[in-house]
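Have a look at the structure below before the remarks.
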Amino acid sequence: MSPIVGDRCTALLASLVMALPLAALANPILDGYKAEIKGTFSVAAGEKLYKTEGPNQLSCASCHTDSPKNAGKHAKTNKAIDPLAPSVNPKRFTDAAQVEKWFKRNCNDALGRACTTQEKGYFMTYVLSVK
């Protein structure tokens, strides 16, 4: 194999390996948000949103713990909450209607308002990245 072909193969392999973590974030609901905003989302922005306290001094982490991999409990009712991260709870983020219902209720509880499509995408990107 010539050095040029070898270099091209190495570059292709490197780009595929770098794309693997992004492929792990593939989700039809998230893809819909990406199409709606015509852009992409940031894991860091999603993590920041997850930890942001709203006007009621609640954040996502208030009920779901500091890690979306952990089971949580509702801040007011103490009802058990299954982990958010699909890496430990594969049922999460599989039903679009459930996801929208969840965002509507929980964004209002934590942030005191509805989440934007951008925020939903950031949040899902973060939670889907948690392994």
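Nothing in this text is a laboratory measurement; each read-out follows from the coordinates by a stated rule. Keep in mind that what you see is a predicted model, and the values were worked out from it rather than measured. Quick reminder, even Gly has a Cβ in these numbers, built from the backbone with ideal geometry, and neighbours come from all protein chains shown.
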Completion exercise
Note: Lys51 to Asn108 extended length (0.36 nm per residue) minus current alpha-carbon separation gives 19.0 nm
Fill in the blank from the handout: In nm, the gap between the two label points placed 7 Å beyond Cα toward Cβ at Gln118 and Asn70 is 3.1
Handout entry: Sparse-neighbour loop sites [trypsin sites (Lys or Arg not before Pro); the stretch 23-101; at most 11 other C-beta within 10 Å; DSSP]
Key = Lys38, Lys76, Lys79, Lys91
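Using just the Cα positions, wrap the stretch 27-129 in a convex hull and report its mean projected area in square nanometres, one decimal place. Intermediate values should be presented prior to the final figure.
Numbers: hull surface 23.3 nm².
The orientation-averaged projected area of the Cα hull of the stretch 27-129 comes to 5.8 nm².
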Exercise for the section: Compute the Cα gyration tensor for the stretch 74-130, then decide on rounded, prolate or oblate, letting a ≥ b ≥ c be the square roots of its eigenvalues: rounded whenever a/c is under 1.5, prolate when a/b is larger than b/c in the other cases, and oblate in all that remain. Expected result: oblate
